[in-house]
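Have a look at the structure below before the remarks.
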Amino acid sequence: PTTSGGGDADGADAAPVAIGMITSQTGPLAAYGEAYTAGFEAGLDYATEGTGEVDGRELEITWEDDQGNPDTAVAKAKDLIGQGTQVLAGTVVSGIATSLAEQAEQNEILYISGPAAADAITGVNDYTFRSGRQTYQDVATAGTFIGDPDGKKVVVFAQDTAFGQGNLAGVEAVLGGQGAEVQGVLVAEDATEFTPFAQQLIDAQPDLIFVAWAGASSGAMWTALQQQGVFDAAPVVTGLGDVATYQAYGEASADISFLNHYFGGAAGTEIEDEMITRLEEAGAVPDLFSVDGFVAAQMIVQAVREGGDDVDAMIDALEGWTFESVKGEVTVREEDHALIQPMYQVKLVEGADGWAPELIETVDAETVAPPVAG
Amino acid sequence: MTDHAALELEHVTLRIGGALLLKDVSLTVPEGEMLGVIGPNGAGKTTLFNIVSGVLRPSEGVVRLAGADVTAQPVHRRAAAGLGRTFQTSSLFPALDVLENVRLAAQAREGRAASVFRIPRRTDAATRRALAALEEVGMAHRADAGASGLSHGEKRKVEIAMLIAMEPRVILLDEPMAGVGSADVPALTEVIRGLHRGGRTVLMVEHHMDVVLGLADRVAVMHHGELLAADSPEAVMANPTVQSAYLGTAA
Amino acid sequence: MDTLILLVITGLGLGALYFLVASGLSLIYGLMGVLNFAHGAFLTIAAFLGWEAGRRISDGTWTGLVISALVGILVGATVAVLTEVLIIRRLYERHIEQALVTVGISLAAVALFEGIWGTDPIYTDRPAWLTQTTEILGARIPNDRFVLIACAALVLGGIVLFLRKTRYGLIIRAGVENRHMVTALGIDVRRSFTLVFAIGGAAAGLGGVLASVYYGYVSAHLGSVLLIFAFIVTVIGGLGSLTGAAIASVLVAVLQQFANFYLGGTGDLVVVVLLAAVLLIRPRGLMGKAA
Amino acid sequence: MTAKSLRLVIGGILLVVALAVLPLLAIDIPGVLPGPTYTPGTLQLLAFALLIAALALTYRMMFGLAGLLSFGHALFFAAGAYGLAMTLEAFGPAEWPSALVFTVSIAVTLVLGFVLAATVGALALRVTGISFAMVTLAFAQAGSVLIRRNPGSATGGDEGLALDTSNVPPELVGVVDTRNLYWVALGILVLVYLIVLWVEKSRAGHVAEAIRENELRVRVIGLRPYNVKLLVFIAASVLASVAGMGYLLLQSGAAPRIATADFTLTLLVIVVLGGVGARWGAIVGGIVYTLLDQRLTALAGSDAIAALPDILRVPLSEPLFILGTLFVLVVLFLPGGIAGLPARITTGRKQHPAEPEETVDA
Amino acid sequence: MSGPVADEPILSVRNLYGRIAGQQVVEDVSFDVPATGVTALLGRNGVGKTSTIKSILGLIDRTGEIRLAGERIDRAPTHRIVQRGVAYVPEDREVFGSLTVAENLRLAERDRSPRRELVASLFPDLEARREQRAGTLSGGQQQMVSLARALVNENRLLLVDEPTKGLAPRIVDEVADALAEAARTAPILLVEQNLLVVRRLAERVVVLSSGRVVFTGSAAELLDDHDRVQRFLGVHDEREAA
Ligand SMILES: Nc1ncnc2c1ncn2[C@@H]1O[C@H](COP(=O)(O)OP(=O)(O)OP(=O)(O)O)[C@@H](O)[C@H]1O
Ligand SMILES: Nc1ncnc2c1ncn2[C@@H]1O[C@H](COP(=O)(O)OP(=O)(O)OP(=O)(O)O)[C@@H](O)[C@H]1O
Ligand SMILES: [Mg+2]
Ligand SMILES: [Mg+2]
């Protein structure tokens, strides 16, 4: 890598803009990283009309692998910043996103976080934006399955991790706030036997069961819920993950109601077609986090176009910006940089190649917009 | 000098599992005595030493060192109180060199032996004492050799140097001559005599009868976990049980 | 009441899985003093290749499952033998180094599996009966638990018989203590050691395939997750005691179930406390021989 | 002081000085370092390597010197990192100057680290050998589970804990100041080295070595092994938490990974890679491992690798595969680790002859 | 099994070199063990007696020519050599401490019909302790286990390293008897410090000094020559070394 002393030394506007992309290329979340990367490439191609330049300035993009490890990510970020990077973007890991947001603030550069869902990233500082959805939006979408939550009982079945706790807190805030009675059944992350918890879910007699689960044990968990007859007891909602997980629900697939951030074909917009064409040219398929990459590219181009080399101008350019993207119209909320966007209700149907998602309904962006973070 | 015996055992019995290893052993060893301990293999001699040094606790009975009841004391306390021993098979610290082995023993005597705040030096008291001990057993020239490379006889001598450096008042030697070549027996005998001459109380298990007879003031005989007799060498040698159970025809 | 039964029987099933993993580990560790961190890798590769074979021949049927199991056993044994012959053998009587190379192997193996099969779990198909339940006293017990329990019992019986009825147990215990002296009695220790590794590997292989049935997927990390519990079970049960490992497996798994359910998901903390407590009160473990 | 040890001391001082001026120079070693030595990225990596080296040094003191095989050393490193992060966040009366809050937080963390080490050590050392390893593993596992569980949102769970910089001296915050963090890391390494050196050379160090060889024999000369082992355990653990504090500052945060058993295993790998026989082995091991880890990842992502046929590409694009294999080879063929290399080159002798292979009977 | 020809040595060692941890401990040693009787291998502490025996068995790195009843065994692994009828009683007993006495003996049984009664009659003490773990035996009892392990099989050659070390005088007698008895059926190469035992058992002696052979000849010839005994073994008086 070469070092550049920053754009202004050369005086010319034609100096390239250094963009640092940090995401998992290896490690446990490499697959998410791949989708994000492919989406970003597609988005960049779309937003710069294939030139890779903004107003004649080349966007010099450096990709770094965070290995899913915050230590590595911080080292890479410092390296990039030290070499004059003006914009950082990426990562699917919330822990890494927190560290990168911290670095962005310490060093006064722009940071556009990737698919990492933690609500805490929204409004964490002036320099940090999101290109994806956050936990709150997931939860709020789940809430749309029961109509008016008032007086209903919602049980959250989740792992006792930051992700699970975040979802429970989200449900308490969103649906609890709308009058639902919320109960959590949290399971240790290392637990391998879920049968007894399935019983516990039934015993709670809920109107809705919200499942927030990540990782390999989800297959065993769904089997347990099915075997114990949980689906007969109440509607079960969970988030639909990436393509690789479509087959994970086994027999339970048809019984689950899914909330979804994005799957290939969900939006039906022109820009979606543009993205899919580009992805397929590159040998990729549209997936859960393709849009996050796509949006990130759009935001970077906007920031550079309107803000030049001045980070404050970049922030101004993004705050309150409404634009057309893959999922339709999205808005960068001025107050806390939340990304206000539509979400989807989805079900799985069995086809020739196994289970595949089908859209039930698009949930309006404002319906699931998080409250302004303070 | 106290008026207590150096070592007293009162009605010591030891059971392990179903086996009776020691049966009601009572023994008094006065200060400065050299006591030979003999008996057939498996009679309980090493076991007796283990009881005295604290490696084993008796099922019944009392052990006294210089009048103090030490029955419940752990090994290291007894050692610190002046009890030294060797093992039936040589045991040095193989990764350390000869001097370091002996210096550890010398440090232990001085107190604050395991202090982090003291760095051993070539000139400190413990080193000097260790070198003197090596000199005494004729091993000073091997001070820098690694303990693992010593020959059998040399290991035995270094072990005794460790004892000397500890300055114990009571010493237990378990078969010091085992495996020592005939050529080295006389020299090692002299080293042991030297230990005793310094006024220390010595208990020695040994199957080399001439060594026992040549050194011991008194000889104790163990048989099937019992103390058969503790008497002058001549009297013990004349004892018919000793003759038949221990000596056989070889004597 | 039915919750209680559910907890106990699923606990037994989980215990059976722990034991299947721990049996090979305990055999190798107890007899040969090799703390085999690569055991998890044996298990994972057996699960992967078993799955590959099973799905090629007949996916989701009993034939497929049996073939998976056989392939898994074979793969586990082969990989274990290769490890022993190529690596462990060079380090006999250096137990720390042996444990260390197995750490290296496990690091490398997991990375390699990720490279080959990817980081995402691969979901497996099973015979339908295994995904159904049987009702016992009002508790709906998943059928695969019964298979696990039966296999664990078979493995336990088989290994105990092997050790009782042949001289191998004796040779290996002696060989661990003093290898040279065993050869000096005219016995080829190396063959015996390799055999023990093969048996341990075969048990791991079976455990791997059954674990993939239990979890419903195979992944590069399948083995590492189970390995830590297998270690704990081996140590609590007492080194070298297979029955000890069996008892500890059940104890740990059932306790874990109850703690997870009634004590706010503290299952693994309780297990850790149990381990520390057992070792401090009874350093040899439940059934370990006196030092 | 003999001429030899004088030479060693002077050599050591020169080495430290050389390391200290690195950030002022522009040394570029392509393939080893990501960029010239004054760039923040390189300094960050080097500082991280120095901290890992310091941690490895403490681990060697337990394992190499006293023969204590612990599977829980990560706990104390994590205690340093999380302890400082939590005290900095939780405490600090507003009216105190931030320098005071910072110093007091460090002191509080040290005391916590000491108490934790003393408690765990006092219990775990009641057993020996593999049991000791397992008890330490159990404690570390408990710590790791607690950190991941995020009790009372104190540890941040999976996401880790970000450093609250409000009371951290501004010289230690921000990329331009990576240099200062590098010096802090170097300082920690030197401090740890000196303390470890002191402990090893002291009487306690010698006794610890003897205990490793033969515990009963030590008791028979009148010493209590337990006390010495506990002392070494506590010293190593507290120093590990010092390294942990350095890590927190350098990374501006703490991640749960540093509390896992895997992390301890990595340490073990580092120490063995470097060579248990010598202190400098642990340091070299720590630095080599960190650099290798980083460089292999860069290699894995490179186009050269992507162009290879699958059978080479798959293994070569997994850094851990290469590290694991390398480690196995070192244990097999280089029993002294890197530190054993010079001796092997000068004697040129195989130390562990393989057993004679079976030959056909005549 | 073809019986050895009367005048062919059961064991012949030529130019044997042995090393431990890279250090030469046996240097160019050559000697024969006749097909009958006891041959004693003598020398002061540390001259390499034990190492010589271990090299013959392949327990340490060795080069040279070793023949057992005419067949080369210097490339064979230890267990093969032993299977050809060589028994070994090691210097430090090397019983398996974690195994019981019975297990120690069972492990040693190579023959179809092991001579259990012989062993039982030689060491009645062991019979009584069959289920005791060998590690808890007294030193002398362990020595008996070690000897018993060798005598339980039919052997063509016995390699016995200091069998009387640490034994009570009466047991020394008994062990000497047992060895004399054993020597009637199989030749013995014996390392022994106790010259009285040597005189009683051995017909021939081989004397080592710093890893080399310095004397071979009849036992009586050596032991009666005070000068040589003094020179080779450092002993003034045979009795002193009893
Ligand atoms: N755990 C045990 N269970 C049963 N018997 C035991 C145990 N430990 C030791 N013994 C027996 O106790 C007896 C005493 O052993 P000890 O080592 O004291 O004998 P010794 O007199 O030193 O013999 P030697 O001269 O052969 O060394 C022996 O017969 C031994 O077998
Ligand atoms: N493990 C070892 N490491 C280094 N040197 C050794 C080792 N074993 C033996 N030696 C050396 O080899 C030489 C010969 O030893 P060996 O045991 O063969 O002597 P020996 O004649 O049997 O003596 P002893 O009468 O004491 O039994 C000795 O100098 C000894 O120090
Ligand atoms: Mg004894
Ligand atoms: Mg010898």
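Computed quantities for the displayed model
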item	result
Dipole in debye (nearest 20) - the stretch B:91-167, about Cα centre, beta carbon charges: Lys, Arg +1; Asp, Glu -1	180
For A:R333, solvent-accessible area (1.4 Å; no DNA, RNA or ligand), Å²	40
A:E34 - accessible surface, heavy atoms, 1.4 Å probe, Å² rounded to 10	130
Heavy-atom accessible surface that E and B bury in contact, both chains counted, 1.4 Å, Å² to 100	1900
Helix axis angle, B:152-166 relative to chain B longest principal axis, alpha carbon, degrees	80
Inter-site label distance for D:R313 and B:D144 at 7 Å from Cα along Cβ, in nm	6.0
C/D buried area, accessible surface, summed, 1.4 Å probe, Å²	3400
Exposure of A:E324 as accessible area (Å², to 10), given a probe of 1.4 Å and all protein chains	100
Point-charge dipole on Cβ atoms (K/R +1, D/E -1) for the stretch E:11-236, about Cα centre, debye to 20	520
Considering only chain A, percent of DSSP beta bridges that pair antiparallel, nearest 5	35
Alpha-carbon spread of chain D, three principal axes, descending order, Å	88, 64, 50
Nonlocal amide H pairs with E:T100, under 5 Å, H built at 1.01 Å	E:A134
Folded to 0 to 90 degrees: helix B:125-136 orientation relative to chain B principal axis, Cα	60
Threshold 50 Å² - residues in the stretch A:176-213 whose accessible area is reduced by that much or more when the chain is no longer isolated, probe 1.4 Å	A:A188, A:D190, A:T192, A:E193, A:P196
Residues with amide H under 5 Å from that of B:E31, placed H, sequence gap 5 or more	B:A6
Accessible surface, 1.4 Å probe, highest first, among residues D:R148, E:R19	E:R19, D:R148
Heavy-atom SASA rank of C:I9, D:I13 (probe 1.4 Å, accessible area, largest first)	D:I13, C:I9
Dipole of the stretch C:2-281 [Lys/Arg +1, Asp/Glu -1 at C-beta], most positive-end residue of C:T44, C:L185, C:A99	C:L185
Complex-versus-alone comparison for the stretch D:298-322, residues with a loss of 40 Å² or more in accessible area, probe 1.4 Å	D:V314, D:E318, D:L320, D:F321
J(HN,Hα) series, the stretch D:272-277, from Karplus relation 6.51 cos²θ - 1.76 cosθ + 1.60, nearest Hz, glycine and proline x	5, 4, x, x, 5, x
Sites E:T185 and E:D225, calculated FRET efficiency, Cβ-Cβ separation with R0 45 Å, nearest 0.05	0.90
Formal net charge of residues neighbouring A:E41 (Cβ-Cβ distance under 12 Å; K, R +1; D, E -1)	-2
Accessible area per residue, Å², chain A with all protein chains present, probe 1.4 Å	34
Helix-only mean residue ellipticity at 222 nm for chain A, each DSSP H run of n ≥ 4 adding -39500 (n - 2.57), per residue, nearest 500	-10000 deg cm²/dmol
Cα centroid of the stretch D:28-80 to Cα centroid of the stretch B:115-148, whole Å	37
Per residue value of the accessible surface for chain D (all protein chains in place, 1.4 Å probe), Å²	39
Carbon + sulfur, % of accessible area of chain A - ligands and nucleic acids excluded, 1.4 Å	44
Point-to-point label distance, D:L191-E:L118, nm (Cα→Cβ direction, 7 Å offset)	7.3
Within the protein assembly as shown: Cβ-based charge dipole about Cα centre, in debye rounded to nearest 20 (Lys, Arg +1; Asp, Glu -1)	9100
Buried area at the A-C interface (accessible, heavy atoms, 1.4 Å probe, summed, Å²)	2300
Inter-part distance where the stretch E:23-53 and the stretch E:154-211 are each reduced to a Cα centre, Å	13
Within the protein assembly as shown, percent of DSSP bridges classed antiparallel, to nearest 5	50
Whole-number accessible area per residue in Å² for the stretch E:11-236, which is evaluated in the context of all protein chains at 1.4 Å	37
With every protein chain in place, the stretch D:40-260: carbon and sulfur % of accessible area (1.4 Å)	66
At least 24 Å along the helix axis (C-alpha) and Kyte average at least -1.0, DSSP helices within chain C	C:2-32, C:39-58, C:62-86, C:95-117, C:144-165, C:189-215, C:242-262
Those residues of the stretch A:28-67 for which accessible area with every protein chain present is at least 50 Å² below the isolated value (1.4 Å probe)	none
Accessible area in the full protein assembly, largest first, 1.4 Å probe, for C:Y123, E:Y17, D:Y82	E:Y17, C:Y123, D:Y82
Calculated from backbone phi, Karplus (6.51, -1.76, 1.60) coupling profile of the stretch E:195-211 in Hz, x at Gly/Pro	5, 5, 5, 4, 4, 5, 9, 8, 8, 10, 10, 10, 10, 9, 9, 5, x
The stretch E:91-108 and the stretch D:241-264: distance between their alpha carbon centers, rounded to Å	50
3J(HN,Hα) from dihedral phi, the stretch A:72-79, Karplus parametrisation 6.51/-1.76/1.60, rounded to Hz, x for glycine, proline	4, 4, 4, 4, 5, 4, 4, 4
Sulfur and carbon atoms: percent of accessible area, chain E [1.4 Å]	44
Residue pairs, from the table A:K327/A:K347; A:K78/A:K327; D:K4/D:K201; A:K152/A:K347, whose Cα atoms sit over 25 Å apart	A:K78/A:K327
Principal semi-axes in Å for chain C [√(5λ), Cα gyration tensor, largest first]	30, 24, 17
Selection from A:F231, A:M221, D:A240, by position along the positive dipole direction of the protein assembly as shown (Cβ)	D:A240
CD proxy at 222 nm, helix term only [per DSSP H run n ≥ 4: -39500 (n - 2.57); per residue of chain D; nearest 500]	-22000 deg cm²/dmol
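The values are calculated or read from the model by the stated rules, or taken from the named source; none is laboratory data. What you see is a predicted model; the values in this text were computed from it and never measured. Note that we place each Cβ from the backbone using ideal geometry, even for glycine, and neighbour counts take in every protein chain shown. Areas reflect the complete protein model, heavy atoms only, side chains present, ligands, DNA and RNA absent. Shrake-Rupley method; radii C 1.70, N 1.55, O 1.52, S 1.80 Å.
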